[in-house]
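Right, one structure below, let's go through it.
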Amino acid sequence: MSEQSAQSAYDLVVIGGGPGGYVAAIRAAQLGMKTACVEMRDALGGTCLNVGCIPSKALLTSSEKYHEAQHSLATHGVKLGSVTLDLNAMMAHKNKVVKDNTSGIDFLFKKNKITRFKGKGSIPAAGKVLVTSADGKQETIAAKKILIATGSDVMPLPGVTVDEKQIVSSTGALSLSSVPKKLIVIGGGVIGLELGSVWQRLGSDVTVVEFLDRLMPGMDTDLASNAKKILEKQGIKFRLSSKVTGAKQEGGKVTLTVEPAAGGNAEKLDADIVLVCIGRRPYTEGLGLEAVGVQLDERKRIKVGHNFESNVAGIYAIGDVIAGPMLAHKAGDEGVVCVEMMAGQSGHINYDAIPSIVYTWPEIASVGKTEEELKKAGINFKVGKFPFSANARARAMNDMDGFVKILADAKTDRVLGCHILGPDAGTMIAEVALAMEFSASSEDIARTCHAHPTLNEAVKEAALAVEGRPIHI
Ligand code: FAD
Ligand code: NAI
């Protein structure tokens, strides 16, 4: 780099404007770095704001309200006439929420004087980012440091080609123009359960086909099996230990060939819409990583060291494109820590205290280790469990399914994990994540005054139950 271009170079060029990239760019600007962000979508915000967390939660909330109006308000003495669905209005609300959030990032970029480049970024050499815009125009920007935050993309399923009309990914499933009569979801993971719930509540007959003999691999088994029972009661059907080997589109229907995962006789299942959600894969296409020498791991994720730097000096990566859970808050926290370390600060992420939430109803929330992980690691632990059926606030809400489970070290009592199935579990898990960040014991949680009547009292009671002394059961 010549002296002149080094002077005009950005301190940091971030490729990807999702929750990893945009948060990193804002933090870098706060730290005084001259920062640019290259994003190929029109709107900033990445998968999360455009076609992920935000639109899915808008539809989950709206469909919950519809379902509540139909099925549960009468118990509270609120009687309605006939309840009808206006899907266009529901979608318009979702689109507005997305627009408000993505334009909020534009505002934050302006406020923090971050330069946005619209186009696809690639790295011809360390210190250079080439931006190719949709009309083919190219521009090279000089960068002292480059941060790759290009996220992830839908994992394809051989034999079941996504057309985003009848065979959709999560992106298509967030924008269906009518409620499918029959929806088959391939993959009983987070997307399958969330978007399966949306369409089931709106009236679809939903069947989830899952390869494994359980839902949500990696999630505490107790939580996953109880969640399955509740979702079944709501009307979702599950075909576990099954694999889809082909799809045929004919006469407005999709016919799937489904076989036992272990092999055996195939059968045919018909659907109006098929949702493919068998995981996501890191997105590194077109970055030119091979030429520049950036190493990937066995799952094609960018390999990084403790400070998120790749094997090529000056090229860093965070978020879905590196190892770890594919979660927006994990990506954002990595972005912050990565640029703070670039600025000479120390930083750390406690990967044992990253909460994860499935926004079904009831919600499913976890932080830390599962029972299975602790057993596998040979760690002795105690279990404290408390059901929402014994929580006064849950009774008042008439929302009593589920429980809180706390896992604590048998010797030190340090909280090692917490798993909640219940109303607003996603909000409740935050207190345990915070407790774990401070290395709290279950007794610390049990001795903390919790307001009454709140759902969080179930967390306190589960902590008391670790020592066998809950009050209300
Ligand atoms: P992304 O958000 O994927 O952003 C990457 C950006 O980089 C994209 O905008 C892409 O266009 C851009 N890009 C890629 N390559 C280039 C290039 N060469 N040049 C320029 N730009 C490029 N997580 C949660 O924590 N909570 C949730 O509730 C949740 N719900 C989800 C629901 C759905 C349906 C989906 C699909 C995902 C959900 N996730 C959720 C996961 C979450 O969206 C991701 O973990 C998160 O977006 C990852 O952030 P990221 O910044 O690493 O990547
Ligand atoms: P996932 O990894 O959560 O689930 C995929 C499921 O598909 C697994 O249960 C897997 O066993 C199954 N599967 C794999 N191959 C299959 C096959 N051939 N046939 C049938 N089943 C098969 O992936 P998902 O749901 O696609 O979500 C992708 C990522 O997006 C998640 O890992 C999550 O990190 C993120 N996400 C997070 C959300 C949240 O935090 N609330 C919401 C939605 C997505």
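Points to keep in mind about this one:
- Gyration tensor verdict on the stretch 188-289 (Cα atoms; rounded if a/c is under 1.5, prolate if a/b is larger than b/c, oblate otherwise): rounded
- Per residue, the stretch 167-278 exposes an accessible area of 39 Å² to a 1.4 Å probe, with every protein chain left in place.
- Summarising the label geometry, the points placed 7 Å from Cα in the beta-carbon direction at Val312 and Ser8 lie 2.3 nm from one another.
- Residue order by solvent-accessible surface for Thr207, Thr75 is Thr75, Thr207, largest first, with ligands and nucleic acids left out and a 1.4 Å probe.
- Taking amide H atoms as placed 1.01 Å from N in the peptide plane, the amide H of Cys37 lies under 5 Å from those of Val14, Thr115, Arg116, Phe117, each 5 or more residues away in sequence or on another chain.
- Glu285, Glu298, Glu259, ranked by accessible area, largest first (probe 1.4 Å): Glu298, Glu285, Glu259
- Subset of Lys65/Lys268; Lys243/Lys268; Lys369/Lys405 violating a 23 Å alpha-carbon distance limit: Lys65/Lys268
- The calculated 222 nm mean residue ellipticity attributable to helices in the chain amounts to -9500 deg cm²/dmol, summing -39500 (n - 2.57) over DSSP H runs of n ≥ 4 and dividing by all residues.
- Net dipole in debye of the stretch 167-278 [+1 Lys, Arg Cβ; -1 Asp, Glu Cβ; about Cα centre; nearest 20]: 220
- Bridge type composition, the stretch 167-278 - antiparallel percent by DSSP, nearest 5: 50
- Residue-wise HN-Hα couplings along the stretch 122-130, as the Karplus relation 6.51 cos²θ - 1.76 cosθ + 1.60 with θ = phi - 60° gives them from phi, are 9, 10, x, 6, 4, x, 9, 10, 9 Hz; Gly and Pro carry x.
- FRET efficiency, Glu139 to Lys303 (Cβ-Cβ, R0 41 Å, nearest 0.05): 0.90
- Most simply put, the chain has about 65% antiparallel DSSP beta bridges, counting only bridges with both residues inside it.
- Simple spin-label estimate for Thr448 and Asp106 in nanometres, 7 Å along Cα-Cβ: 4.0
- Carbon plus sulfur fraction of accessible area for the stretch 71-218, probe 1.4 Å, in percent: 56
- Å² per residue, accessible surface of the stretch 43-148 at 1.4 Å: 54
- Annotation: amide H-H contacts under 5 Å for Leu275 (H modelled 1.01 Å from N, sequence separation of 5 or more, or interchain): Val168, Ile184, Val185, Ile186.
- Ligands, DNA and RNA left out, the accessible area of the stretch 299-380 computed with a 1.4 Å probe is 51% carbon and sulfur.
- Heavy-atom accessible area order for Arg393, Arg41, largest first, 1.4 Å probe: Arg393, Arg41
The values are calculated or read from the model by the stated rules, or taken from the named source; none is laboratory data. Since the model is a prediction, treat every value here as computed from it, not as a measurement. Using ideal geometry, Cβ is built from the backbone for each residue, glycine included, and neighbour counts are taken over all protein chains shown. Each accessible area value is taken on the protein alone, full model and side chains, heavy atoms only, with ligands, DNA and RNA left out. Shrake-Rupley method; radii C 1.70, N 1.55, O 1.52, S 1.80 Å.
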